[in-house]
Amino acid sequence: MESSGTTPRVGLDCSDLQGVLDPNGQFLTVYLTIEPGENAGQHTALRWKALAHEAEGHKAAPAALEAVTPLLRDAHKGGRCLCVVIDGEGNIRHRSHHPDPPRKDVARWGTLPSLAPMIEWRQASPPHVVVLIDRVGADIAVFESLDSGDFHVEVAGDDEVIHKVVTGGWSQRRYQQRAENTWEANAKEVAAELSRIVEKVHARVVVVAGDVRAVQLLRDALPDSVKHVLHEVEGSRSPDGSVDAVASEAVTLVATAVASDTAELLAKFREELGQHDRAANGPKEVASALEGGQVETLLIHDDPDDERTCWIGPEPFHLALDAETLQDMGVETPLEVRLVDGFLRAAIGTSARVRVVPSATILDGAVGAVLRWSSHGNGAG
């Protein structure tokens, strides 16, 4: 029996990471706190030296360790954390910078890279848009993703008649109407561009500030799909329009939306679990569901000190808690990997979405899944 409910689409699509998850070889995954300021490079270098020494003890390839050092020179320009995945030959397979330091510095050497912290950072910064509008046009700042960067769009409308004027007599009404028509036309132009951007980047939050009348006209001109994610805050498009305050409000609104999405997905998981329907709970059940391509969204908690293991084979769906199970499936040489990393590889490789969640008591063994079809059914619907 299929569930009649729908799963909140708040899991992250990580399909772009499939190329990093090839288990042919070994990888060094580094999450390193970067000290702020150009003069803090020495402290960062010392931090890396201690971490690299620890990785050496786990047989990390010298070429991989050596490849990190050149990346530290300008790392402070990118944020408080350097995330890098390097193969045994010293080739950089992934590099990104994150605004916040990691919960714990990590230099992990293994068959699979450890991508959970990076995925968690991605989901904490969903695409969002900030709009500063007046009656002439708008500045639209688009924050697409941590990896792809930001961009800015300026929409300039018609400013031929921008202020209502009191001319008296027969012409006053005409000028007022002309001004209103100009404002409305400008707002429609901004709305069209904003709607295009929101659809393109799949914006989770839109924050708008500016002239009260212009904001109202913009809202009236927007489709419901954009209004649903729109939040109005105080601010102005002028150079002294409290841009910092608007940015602070935007950060808070995005964080609130992210927390709401996680809570919504956990609630859906709890509902499906209670109905014994589209849910799997615990490493054993979830591994079986991943092996069968049944997982729609993987929920997983990543503790940097969690060193539990599982076993994988050449294909993403080759996943089990013991080597014998995979050998029974025809996998000649199963590989032992860190459990969190193996489950993420299976989820991404079977087109499941991923949500890294805080420690949640409802998850048995820090792993759960919302399924594509009921575990009692005969196939996907």
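Every read-out reported here was derived from the displayed coordinates using simple, explicitly stated rules and does not represent laboratory data. Not measured: the values here are computed from a predicted model. Virtual Cβ from ideal backbone geometry, glycine too; neighbours counted across all protein chains shown.
Couple of notes before you dig in:
- Karplus 3J(HN,Hα) series, Hz, for region 83-90 with 6.51 cos²θ - 1.76 cosθ + 1.60 (x for Gly, Pro): 10, 8, 10, 10, 7, x, 8, x
- Euclidean distance between Cα centres, region 54-81 to region 194-231, Å: 42 Å
- Placing +1 on the Cβ of every Lys and Arg and -1 on the Cβ of every Asp and Glu, with no other charges, gives the chain a dipole of roughly 720 debye about its Cα centre.
- When the helices of the chain are scored as -39500 (n - 2.57) per DSSP H run of n ≥ 4 and the total is divided over every residue, the value at 222 nm lands at -11500 deg cm²/dmol.
- Cross-link pairs beyond the 23 Å C-alpha cut-off, checked among LYS77/LYS200; LYS49/LYS77; LYS200/LYS268; LYS77/LYS104; LYS49/LYS104: LYS77/LYS200; LYS200/LYS268
- Positive-end residue of GLY235, ALA255, VAL286, charge dipole of region 230-291 with Cβ unit charges: VAL286
- Neighbour net charge for ALA124 - beta-carbon separation under 12 angstrom, K R +1, D E -1: 0
- Charges were assigned to the Cβ only: +1 to each Lys and Arg, -1 to each Asp and Glu. The resulting dipole of region 1-134 about its Cα centre is roughly 280 debye.
- 3J(HN,Hα) from dihedral phi, region 339-353, Karplus parametrisation 6.51/-1.76/1.60, rounded to Hz, x for glycine, proline: 4, 4, 5, x, 5, 5, 4, 5, 5, 5, x, 10, 6, 7, 8
- Per-residue ³J(HN,Hα) for region 209-217, Karplus 6.51 cos²θ - 1.76 cosθ + 1.60, θ = phi - 60°, Hz, x for Gly and Pro: 9, x, 4, 4, 5, 5, 5, 5, 5
- For the chain, the square roots of the Cα gyration tensor eigenvalues, ordered a ≥ b ≥ c, give a/c of at least 1.5 with a/b no greater than b/c, which places it in the oblate category.
- Residues whose amide H comes within less than 5 Å of that of LEU115, counting only those at least five positions distant or on another chain, are absent (H built at 1.01 Å from N in the peptide plane).
- Among 201-214, 335-348, the peptide with the highest mean count of other Cβ atoms within 10 Å heads the list, and the full ranking is 335-348, 201-214.
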